[in-house]
Amino acid sequence: IPVDPFDLVIFGGTGDLARRKILPGLFRRFCAGQMPKDARVIGAARGDMSSAEYREFVAEAVAEFGGEGACEDGTLDGFLERMEFVTIDARGDTGWTDLVTLMRDDVVRAFYFSVGPSLFGDLAERLTKHGLTDADSRIVVEKPFGRDLDTAQALNRDLAKHFDERQIYRIDHYLGKETVQNLMAVRFGNMLFEPLWNSQYVDHIQITVAETVGVGGRGEYYDKSGAMRDMVQNHLMQLLCLIAMEPPSKFDPDAVRDEKLKVIRALDAVVPHHIVRGQYEAEGGDPSYREAVGDARSRTESYIAMKVGISNWRWAGTPFYLRTGKRLKARSSEIVVVFKELNHSIFGEAGEHRNELSIRLQPNEGITLGVTIKEPGPGGMRLMNVPLDMSFAEALGPDGADQTDAYERLIMDVIRGNQTLFMRGDEVEAAWAWTDPIIHGWEARGDVPKTYDAGSEGPVDAVQLLARDTRVWRKVT
Ligand code: BG6
């Protein structure tokens with residue numbers, strides 16, 4: 001079903017995100033018939049380029065990142081016809097009247113700020129100054145949304161001068177992932193899990209986002225951020241919220257975001273010995289972290305593991321172990337809910353198995369529930385643990401397993417005006433308020449990250465973090 005006709009302006013329209021994600025994503029939505037035929041996409045950037053040249057740029061982006069077999073022949077031309085380009089200076093006056101001339105009335109107007117946060121305020125100001133927005137216009141802003149509480153508050157203030165909160169779409173692309181949304185479906189669409197979803201029955205929860213890639217060409221940005229700012233403050237925090245939040249009264253943007261906010265506000269401060277920071281070493285011909293960022297003394301972490309507590313009625317006493325890192329053994333994102341042991345096993349020691357529910361976010365999206373059964377055969381009442389395994393691709397078939405990329409889903413939500421999968425300003429601020437003291441602590445102590453081998457499961461200290469609590473991480477495979 002097509003969304004309403006729209007004009008989408010992408011500031012940073014020739015940037016990396018536009019090339020890799022936004023434009024190919026829009027193309028896939030066009031092929032799927034969801035982007036209306038009269039929708040328009042206007043790339044805006046500082047460099048000189050004609051609309052014809054921009055169409056070539058878009059065609060190349062689609063060829064490189066558009067995905068396999070997306071579309072019928074000839075559709076690309078139809079898509080490219082929807083593209084325009086304006087040269088614009090975010091901090092000056094160049095190009096703004098051209099944009100005014102291009103924009104149509106009576107369609108949804110959306111402005112994607114795919115640029116650094118230092119330009120958010122300037123763009124917001126010029127959009128209103130040139131009369132480009134009305135009460136129904138939307139702006140989309142990318143992470144990083146600030147680098148600490150002060151900068152995030154300043155950004156929120158700058159945007160609030162020109163836009164209402166209901167017009168601001170702060171992207172965390174993890175919320176657009178199919179399986180991440182499935183966390184809510186699994187929790188609140190089944191009778192089975194929710195009664196057990198608390199510290200009485202759950203021993204602990206592990207959240208892992210492991211990547212095989214290094215910092216690549218993003219060293220300059222990454223070295224100022226580190227895994228804490230780049231991944232934990234946003235993506236892992238969102239996963240934690242969806243796993244830990246109370247059931248919202250309905251699937252409605254503010255009902256969901258109110259509950260997530262309560263989780264963030266209930267997070268305990270993290271003590272230093274509950275955190276392990278790591279930095280990867282060189283491997284084969286691949287550079288070490290420090291070589292990749294060009295600073296032989298960098299103290300930025302490319303890995304982090306931490307033990308987090310939530311002080312509320314549901315979760316007090318159940319630790320959440322979070323870890324994420326680059327150049328690890330495998331690309332694997334997974335949430336594992338480890339249930340407690342039985343109060344009493346009628347089978348004696350043989351019965352000491354635990355149930356584990358693992359939700360695989362990527363790759364091989366699916367859900368596995370470990371259950372205890374009798375070992376087959378005449379050998380007596382010996383028990384074993386077997387997986388009840390559901391892979392989305394297998395269960396739903398290759399067409400059923402939705403391949404929609406997070407960005408394309410989220411952009412369509414912007415046009416539909418649905419903010420459920422976007423972060424609210426107070427949520428982002430609360431996340432920084434929790435993260436700031438941790439980062440300040442490292443800076444004050446001159447904390448040096450542990451090294452780990454590229455291609456490994458991370459620093460050994462992370463193993464010890466759980467071993468101290470007589471627990472073990474799930475293998476990253
Ligand atoms: C981005 C981070 O937000 O998420 C990157 O800046 C990271 O460092 C990426 O690699 C991971 O996203 P995905 O979708 O590949 O898991």
Notebook entry, point to check: With contacts defined as alpha carbon pairs under 8 Å and 6 or more residues apart, what's the relative contact order of the chain in percent?
Noted result: 17
Next item on the list: Arrange the peptides 370-376, 424-430 so that the one whose residues have, on average, the most other Cβ atoms within 10 Å appears first.
Entry: 424-430, 370-376
Margin query: Need the C-alpha centroid separation for segment 434-477 versus segment 1-80, integer Å.
Written below: 41
Notebook entry, point to check: Taking the Cα centre of each part, how many Å lie between segment 105-127 and segment 193-221?
Noted result: 32
Next item on the list: Could you pull out every one of the lysines with an alpha carbon less than 26 Å from that of Lys307, ignoring same-chain neighbours closer than 8 positions?
Entry: Lys143, Lys177, Lys224, Lys260, Lys262, Lys326, Lys329, Lys340, Lys450, Lys475
Notebook entry, point to check: With the dipole of the chain worked out from charges on the C-beta (+1 for Lys and Arg, -1 for Asp and Glu) around the Cα centre, which of Ile367, Ala444, Asn343 lies farthest toward the positive end?
Noted result: Asn343
Notebook entry, point to check: If you roll a 1.4 Å probe over the chain with all protein chains in place, what percent of the accessible area is carbon or sulfur?
Noted result: 50
Check: Over the C-alpha atoms of segment 6-142, what are the Rg and the largest Cα-to-Cα span, Dmax, in Å?
Finding: 14.3, 43
Item checked: Calculated [θ] (222 nm, deg cm²/dmol) that DSSP helices of n ≥ 4 give over the chain, each run adding -39,500 (n - 2.57) -> -9500 deg cm²/dmol
Margin query: What Kirkwood Rh does segment 109-173 have if only Cα atoms enter the pairwise 1/r average? Answer in Å.
Written below: 11.8
Next item on the list: Skip the ligands, DNA and RNA, and give the accessible area per residue of segment 6-142 with a 1.4 Å probe, whole Å².
Entry: 43
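Apply 1/(1 + (r/R0)^6) to the Cβ-Cβ distance of Asp295 and His130, taking R0 = 35 Å, and write down the FRET efficiency to the nearest 0.05.
Details: r = 41 Å, r/R0 = 1.18.
The formula returns an efficiency of 0.25 here.
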Note to self: Under the rule a/c < 1.5 gives rounded, and otherwise a/b versus b/c splits prolate from oblate, where does segment 353-477 land using the Cα gyration tensor?
What the structure shows: oblate
Checklist line | GluC sites (Glu not before Pro) restricted to segment 65-127 and DSSP loop, no more than 15 other C-beta within 10 Å | finding: Glu68, Glu72, Glu81
Check: Given 4 °C and 1.567 mPa s, how large is the Stokes-Einstein diffusion coefficient of the chain in µm²/s, with Rh as the Kirkwood radius over Cα pairs?
Finding: 54
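The values are calculated or read from the model by the stated rules, or taken from the named source; none is laboratory data. Remember, predicted model here, so these are calculated numbers, not experimental data. All Cβ positions, glycine included, derive from the backbone under ideal geometry; neighbour counts span all protein chains shown. Just so you know, the surface numbers come from the protein's heavy atoms only, side chains and all, with ligands and any DNA or RNA stripped out. Shrake-Rupley method; radii C 1.70, N 1.55, O 1.52, S 1.80 Å.
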